[in-house]
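See below for the structure under consideration.
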């Protein structure tokens, strides 16, 4: 059977084939997963493997776990999909026949590229699924050699302990996953330093034994040994670089993905009071952790502990002269204690100045039309000139201090070398050490001082990394909204009844309440309008219903269930929310419409677009529902079309409750008439809670609320609320 292709029928030119992940998603949406076959064996293995693992066919979870920007599915994609669904995998090389029965079911990738889903051992042999042929296997595979991937069910019901509940810092837990690799890196570094230690000793032997004894016969053997050591050193450095790059890459991925996930799952109250520029600046600070592991600093950190070994060898070879590099260690430490706090204050000032400049640039890009409309170019340019000048001056001071620190560190290193060669020469003259020992000591001293100097200069970067690590740990400790669970709300059982009982909320302890003792009830299928002046608490009440905030007093129930006891993900999927400002995200129109319902079929997308009155406009686009939006091109789309697209996105959701925040904003007369017709058709089908200041919209409601400074002033017929609004406006 051919691969199912996800297509949205529309007039226009022929479309390119859908990505493989979209083909799988389309089959899941339409319930046509039987007999699917794809060109990718890993795509073929996905559903059979999930079935063997005991997955309960939560199609929505699988669709959301599929890669969104990949035209193919490879081994990495397959493992990531399974990890998102709660199945962690561990690879190991083996023969099929050597895999223990308790590790079944598992994925097996043979050395020749065979992809098998090993289901179970039976008396007749091994039952498996051949992903290359997308069919059950009928040959003897026990002798096959390759890599097996054993899976662990990480769901709490299977005894998996969530590391988020541990008392250890998150970053410490992350590093513990790399304990084995870090041990290997330290072992490689030890061998590299051992080779570096033997090279100066070779020079000493050549000077003292070969040249001093005039015995050239031993020189070829010594040179051969050193060449072998150098080749081994080169190989070890290459392997260490590859291993370090692998660790750095995985850390970079895990830190980026997990911190982004934490930000997404944090309650909005934690993040929305920070500006976009401030949040971006905080995320950029996290990059310093990645830069530490991907740059030379990680290698320096591995080298520094072995400086003690070199100082010990210097003491054996040159005696008390080892005190000179030891003294330099102490000097570097003291200098750092005195200098780095001063440097840190200038670095912070420079960072704040750069953040101010970045914030102003973002404000300029977002509001350039308003700046030109009010003729504020000159004033705005003058402000930017001042901010930019402060950023340049702060950066110049920091750069000057860094340069001075580099020169001082280099001078101390040179002074240490001069001291060693001076006192070493006197020791050679007095017969305390040989010439070969002096040369070897100089090489060892440079081997100690070079990473020491690099570590001293890299210490400010290390401080920045530690600070970013603490911030990551603090952010990861914040309580996030509960993740989606299999036992969440069943949306089709909701009737859409809402009840608020003396609900109160304030944004901060030192602020006046945004809502105080608000109470109302909305019956299933009823339209309720919320009116009031700006700042009266209308949007706050809507966000409380949407689960963006939690009531601090009183209760807000949905079908008799307090929303504080409902999984946040399930709650928001039980509600369709159209905010006042329409935000469309990078992707196609279809992808934007499916954000709240990944299982929506092509037919449902067309029906939602038709209900919103924009189906013909979408089909008239060059690529129909596959038209990409969410970038600068969105600015050129009519506001009415964007608003209607946001409504269509809400209509795709099966939710019985629809929240509308100022739906008449930026609508022209034709779009407003279309919206009013939509509102009439929604009566009796969904519970609609609408914030609006337009009398024409309010009069369409079954009941209306009037808020004033967070207090419910009146509940009653819409006409009476409109009359009171007009009286308050006088």
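The values are calculated or read from the model by the stated rules, or taken from the named source; none is laboratory data. Every value quoted in this text rests on a predicted model; they were computed, and no experiment measured them. Heads up, the Cβs are rebuilt from the backbone with ideal geometry, glycines too, and the neighbour counts pull from every protein chain shown.
Considering 631, 668, the condition of being modelled with pLDDT under 80, more than 24 Å from residue 701 (Cβ to Cβ) and surrounded by fewer than 16 Cβ atoms within 10 Å (Cβ to Cβ) is satisfied by 631 alone. Restricting attention to segment 557-570, the residues that are closer than 18 Å to residue 525 by Cα and surrounded by 18 or more Cβ atoms within 10 Å (Cβ to Cβ) total 1. Filtered by the rule that a residue be assigned to a strand (DSSP E or B) and either free of Cβ contacts under 8 Å to residues at least 12 places away in the same chain or touching a helix residue (DSSP H, G or I) at 6+ places or on another chain (Cβ under 7 Å) (or both), segment 127-147 gives 127, 129, 135, 136.
Of the residues that make up segment 691-707, is at least one more than 22 Å from residue 513 (Cβ to Cβ) and loosely packed, with under 15 Cβ neighbours inside 10 Å? The answer is yes; a qualifying residue exists. Just one residue in the set 426, 462 is loosely packed, with under 14 Cβ neighbours inside 10 Å, more than 30 Å from residue 657 (Cα to Cα) and out of contact with any helix residue (DSSP H, G or I) (no Cβ under 6 Å at 6 or more places or on another chain); that residue is 426. For residue 30, the stated conditions do not hold, so it cannot be described as modelled with pLDDT of 60 or more, surrounded by 13 or more Cβ atoms within 10 Å (Cβ to Cβ) and within 25 Å of residue 107 (Cβ to Cβ). Kindly provide the set of residues from segment 73-111 that are within 22 Å of the chain's Cα centre (by Cα) and not in a helix (DSSP H, G or I), ordered by number. Answer for segment 73-111, where residues must be within 22 Å of the chain's Cα centre (by Cα) and not in a helix (DSSP H, G or I): 73, 74, 85, 86, 87, 88, 89. With the requirement that a residue be modelled with pLDDT of 85 or more, touching a helix residue (DSSP H, G or I) at 6+ places or on another chain (Cβ under 9 Å) and within 20 Å of residue 153 (Cβ to Cβ), what does segment 43-61 give you? Result: 45, 46, 47, 49, 50, 53. Within segment 575-586, the set of residues being in contact with a strand residue (DSSP E or B) (Cβ under 9 Å, 6 or more places away or on another chain), in a loop (DSSP other than H, G, I, E, B) and over 18 Å from residue 267 (Cβ atoms) comprises 580, 581, 584, 585, 586. Every listed requirement among (1) surrounded by 19 or more Cβ atoms within 10 Å (Cβ to Cβ); (2) under 35 Å from the mean Cα position of the chain (by Cα) is met by residue 438 save one, (2). Of the residues 10, 68, which single one is touching a strand residue (DSSP E or B) at 6+ places or on another chain (Cβ under 8 Å), over 24 Å from residue 136 (Cα atoms), at pLDDT below 85 and part of a loop (DSSP other than H, G, I, E, B)? 68 is the lone residue from the list that is touching a strand residue (DSSP E or B) at 6+ places or on another chain (Cβ under 8 Å), over 24 Å from residue 136 (Cα atoms), at pLDDT below 85 and part of a loop (DSSP other than H, G, I, E, B).
Run down 250, 282, 240 and say which single residue is at pLDDT below 75 and part of a helix (DSSP H, G or I). Before you say what the answer is, go through the steps one by one.
On the way: 250 fails: at pLDDT below 75; 240 fails: at pLDDT below 75.
On inspection, the qualifying residue turns out to be 282.
Scanning segment 588-611 for residues that are under 28 Å from the mean Cα position of the chain (by Cα) and surrounded by 17 or more Cβ atoms within 10 Å (Cβ to Cβ) yields a total of 12. Among the conditions (1) exposed (fewer than 12 other Cβ atoms within 10 Å of the Cβ); (2) within 27 Å of residue 288 (Cβ to Cβ); (3) at pLDDT 80 or above, residue 397 misses just one, which is (1). Checked against the criteria, residue 351 counts as within 30 Å of residue 466 (Cβ to Cβ) and surrounded by 13 or more Cβ atoms within 10 Å (Cβ to Cβ).
Of all residues in segment 350-367, none are over 35 Å from the mean Cα position of the chain (by Cα) and either assigned by TED's automatic domain parsing to the domain that holds residue 460 or farther than 18 Å from residue 462 by Cβ (or both). Within segment 418-435, the residues that satisfy the criterion of being closer than 11 Å to residue 318 by Cα and part of a loop (DSSP other than H, G, I, E, B) are 432, 433, 434. So, residue 89, is that one modelled with pLDDT of 80 or more, in contact with a helix residue (DSSP H, G or I) (Cβ under 8 Å, 6 or more places away or on another chain) and not assigned by TED's automatic domain parsing to the domain that holds residue 617 or not? Here the answer is yes, as residue 89 does meet what is asked.
For residue 614, indicate whether it is over 23 Å from residue 548 (Cα atoms) and surrounded by 22 or more Cβ atoms within 10 Å (Cβ to Cβ). When the stated conditions are applied, residue 614 passes them.
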